Structure formats: C-alpha cells, structure tokens
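The values are calculated or read from the model by the stated rules, or taken from the named source; none is laboratory data. Everything numeric in this text was worked out from a predicted model, so none of it was measured. Because the Cβ atoms are built from the backbone with ideal geometry, glycine has one as well, and the counts that use them run over all protein chains shown.
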Amino acid sequence: MELAGLELYHSRPFAPTRRLALGRTHLPVSPAPGFGGILLGAVVAKNWAEVNPDLVDDLTRLSLQLQEGQRVVQPRLRNRLQTDRIGLQQSTFRLLGSGDALRFDFHGKGTPEQHVLGAVYAAGRLEAGPRRSVMDAVRKGMRWHGETDADLVSHLAGRARGRSLSVDAALDPVAWALDVLGIDANGSGPPGRQVITRQFRDLLRDAHPDHGGETGEAAERIADLTEARAILLNR
C-alpha cells in the first residue's frame, strides 16, 4: 500500500540546460510531519551525501525561504523549476506500508541535487500549517548519516533511534498510545494526567521482569509505555 508518493521530472544529468518539474504528489501530513514528511526527508537523506558541497548552503537557505512562503526566482541551484514535462526523465519515490512494516521504493535517474531540489520544492507547495514540520523533516534528512531504513524513519518522525514506527502509530499516535496504555477514552473525553500516570505506573510494574514480565520483551514494552505516556501528556 502506498502511504506517500512523489513523481519528479528532470533533464538528463549531462544536459546543458537543467530543468525540473513536479508530477503527482501524494503527501499526507497529518499528524505532522506525516508520511509525506517522512518520504521527503528520506529522499533528501538518500541523496545528501552526494550533493555538490558548493550547493549545500544554498539548499538549506532555499528550504527556509520556501518554508516562509517566499517567492523563489528561477533558475535556482543550476536547475529551472517549470511545469512543462516534455522531454524530461521521470523519477519516482514512494513510502510503502505492509502490515506494520514501512519501506521506501525509490527509482531515480536524476542527479542527487535534482532529487533533493524536488523534495524541497514539493515541501514548499504544502499548506502553511504543516509546511514547517515537513521542512523540519527535510532538514533532518540533510543531517542524517546512515542507511535509508527503519532508523531513518524513526529519526524523521521524531522517535528515538532504534524505535521502529508502525503504520498505526504514524497514522494516529494518540490512538496508538491509548491502546498501548489500555485506556478506553470512548465517550468519556481525553484521559486526565492522573489517569495516564496511574495506568503507566501499573503497566510499567507488570512489565518489569521482577514482577513476572518476560525478560526478552521487557525493554521493548517499557519503551512503548514510556513513549505512549509522553504522547498523551504532551498533546
């Protein structure tokens, strides 16, 4: 199942005039940065190490300008953004979900700069509300050192490294947190701080190996409980 997608059209890497156009975009951004922000941040992370160092500062400035909705004069960073796609090659970038597993499916033929530019321009076209969070994810991609894997997804989503992000948790983190803590909020409004804290403490005690919790699963269970509490207390 496609959770987010981006089509990018660009001139061939060695063309004398470099051109760029955005195609279909499927970029859900709720809750921010959403699957769309994770995808765009991953496109940047995948290509950033190969970006021409002379363009790094300008790419960062461009992300800030687009975040604030400023007009960008073309061409920019040796590429002209346009709407016409005639004669351009296509690259596709998708975030896919299967059960609780997330994976990236990238088919890119352009230069690293073109791929990063496409992600930045796509983020800049989002509504003002979620745009800042998505651009933050894009800049997180610029700072990433590692593989395009589950750790990157966690990094872009604001979770601790090594804490995998499920589809359910990304779609509705509050519902996920309520489920982890075993709190039924149907018809009674959001739970109060005391309810959340009490339930967290009870389940934390049960999860501990000294109280009968499975030793092999204790660390993961405790981490889930801790994160669920943080989500609900910081809404």
Within region 81-95, is even one residue in contact with a His (Cβ under 7 Å, 6 or more places away or on another chain) and of a type in the set (Ser, Thr, Tyr)? yes
Taking region 76-87 and keeping residues of a type in the set (A, V, I, L, M) and in a loop (DSSP other than H, G, I, E, B) leaves Leu77, Ile86
Take region 54-87 and flag every residue that is of a type in the set (A, V, I, L, M), within 20 Å of the chain's Cα centre (by Cα) and surrounded by fewer than 20 Cβ atoms within 10 Å (Cβ to Cβ). Leu64
Does Gln82 satisfy the criteria of being without any contact (Cβ under 8 Å) to a residue 60 or more places away in the chain and among the polar types (S, T, N, Q)? no
Collect the residues in region 122-135 that are closer than 17 Å to Leu95 by Cβ and modelled with pLDDT under 95, keeping them in residue-number order. Pro130, Ser133
Qualifying position, being over 16 Å from Ala123 (Cα atoms), assigned by TED's automatic domain parsing to the domain that holds Arg94, under 23 Å from the mean Cα position of the chain (by Cα) and crowded, with 18+ Cβ neighbours inside 10 Å, among Val51, Val43: Val51
Among residues of region 156-207, those that are assigned to a helix (DSSP H, G or I) and at pLDDT 80 or above, counted: 22
Qualifying residues in region 88-111 (those that are at pLDDT 95 or above and either part of a helix (DSSP H, G or I) or of a type in the set (D, E, K, R) (or both)) - the one surrounded by the fewest Cβ atoms within 10 Å (Cβ to Cβ): Asp105
